[in-house]
1. If a residue has to be surrounded by 12 or more Cβ atoms within 10 Å (Cβ to Cβ) and part of a helix (DSSP H, G or I) to count, how many in region 56-68 make the cut?
2. Could you count how many residues in region 13-29 are crowded, with 17+ Cβ neighbours inside 10 Å and part of a loop (DSSP other than H, G, I, E, B)?
Amino acid sequence: MSTRDVPARIGDLPPIGRPATSALLQAGITTLAQVATHSRRDLLAMHGVGPKAVTILAAALAERGLAFAD
């Protein structure tokens with residue numbers, strides 16, 4: 001899947017960039033609740049998900065009272 005074909009946002013995920021969004025989509029992750037079942041390390045291991053995306057996701061999780069699995 002080309003990143004051009006990936007929507008800028010999916011589900012309730014914050015805007016984290018198309019490469020990171022594409023990586024999450026390919027892993028079947030479309031909600032913050034699903035993100036919370038993964039560790040930071042797991043997410044960073046996905047091609048396209050970098051430290052900036054993980055920082056944005058961490059802030060969004062915290063706003064909802066959630067956290068990464070680690």
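1. Number satisfying all stated conditions: 5.
2. Count: 4.
Every number here is computed from the coordinates shown, using simple stated rules; none is lab data. Here the structure is a predicted model, which is why all the values come from computation and not from measurement. Glycine also receives a Cβ, built like all others from the backbone with ideal geometry; neighbour counts cover every protein chain displayed.
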